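Report on the structure given below.
Bear in mind these aren't lab numbers, they're just calculated from the coordinates by the rules spelled out. Being a predicted model, the structure only gives us computed values, none of them experimental. Positions of Cβ are generated from backbone atoms using ideal geometry, with glycine treated the same way; all protein chains shown enter the neighbour counts.
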Amino acid sequence: MAEFLTIGEPMAVFAAEDLDASLVDAQRFHKFLAGAELNVAIGVSRLGHSADYISAVGADPFGQYITKAIAKAGVGTRYLSQSDHFWTGFYLKQRVSQGDPATYYFRKNSAAANFDQKNLDQIDFTGVKVAHLSGIFAALSANDLNVLKDLTQRLLAQQILVTFDPNLRPALWASRQQMIDTTNELARQANIVMPGIGEGEILMGSRDPNEIADFYLQQSDVTQAVIVKLGPDGALIKQRDGHQQVVTGFHVASVVDTVGAGDGFAVGLISGLIEGHTLSESVKRGCAIGALAVTSPGDNDGYPTPSELAQFYAAQAALSE
């Protein structure tokens, strides 16, 4: 049995080692395991919780590498199928000294984009406390959008807490409007929605955290809380019962790579909720792991073990004295 469940597309990422070189000019790359939802599963597992990952890979070297790497990270692979007909996605990522790195994806018509919906019948929901979904899987194909909707209904029927991160990837959608409409539709079926400020502006037209939160709370009675990520400044929590709070964030001395910070936030939130912490305490942990994530080059290399998280809290407390 697993405490945590998620679905997504796993990929191999080739991260450039040449600082501030374009992807055209970079010569040296390092291979990592990647995928937004997979990042969350790995982070939750690293904190000592059982996690299962639902997806598909091709019968190719990337698929074999990903399967081995997921298992090595302690994430369950019983729902990771292998396709003989479709390939495994991968992407290139720039290394930059500041800002967000450029990326380039090779994922069209991948094994994950052709996930067999019948595989959902194999899932054992016993013991699952939290399931995490994102807009990325829905953007891969019309097939995967149907899969995600089906899975969401199964989760809600089992009264499993569903968290949703928009995780906008405009390049994957046929149009901007389709991305907006579909992402907001998916958010309606989540118990907790966690957009960023920039995502809120795209999805509902405002950068005001309160307006973003109100939009998603008013969309659906299913949504009980909205957490608007504010970057280093923390996050706004707004709940259906009227409770509202801004949780302060953490600042780090050096930012190496911003990719994976949002997934790190989800790791903290979800692991805190699994452990029975309050929503506020869980969001605080999310801010901490999001901050740790930007200090390492890999998409999930900065996610901590319990002892490393305790050390980070201690170091931050010492700085504030």
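A few comments on the model shown:
- Reference-scaled alpha-carbon Rg (2.2 N^0.38 Å with N residues) for the range 30-178: 1.05
- Note on the chain: with a GNM built from Cα contacts shorter than 10 Å, the maximum mean-square fluctuation among 21, 131, 51 falls on 21.
- Electrostatic tally near residue 120: other residues with Cβ closer than 10 Å to its Cβ, Lys and Arg +1, Asp and Glu -1, net -1.
- Taking the Kirkwood radius as Rh and the Cα radius of gyration as Rg, the range 1-58 has a ratio of Rg/Rh equal to 1.13.
- Within the chain, antiparallel bridges make up roughly 40 percent of the DSSP beta bridges whose residues both belong there.
- Other residues whose C-beta falls under 12 angstrom from the C-beta of residue 205 contribute a net charge of -3, scoring Lys and Arg +1 and Asp and Glu -1.
- Note on the chain: with charges restricted to the Cβ of Lys and Arg (+1) and Asp and Glu (-1), its dipole about the Cα centre is near 340 debye.
- Separation of the residue 125 and residue 181 label points, Cα + 7 Å toward Cβ, nm: 2.8 nm
- Evaluated at q = 0.09, 0.12 Å⁻¹: base-10 log I(q)/I(0), Debye formula over Cα of the chain: -0.42, -0.78
- Counted by Cβ distance under 10 Å from residue 272, the other residues give a net charge of 0, where Lys and Arg count +1 and Asp and Glu count -1.
- Principal axes of the range 153-250: Cα extent on each, largest first, Å: 36, 32, 23
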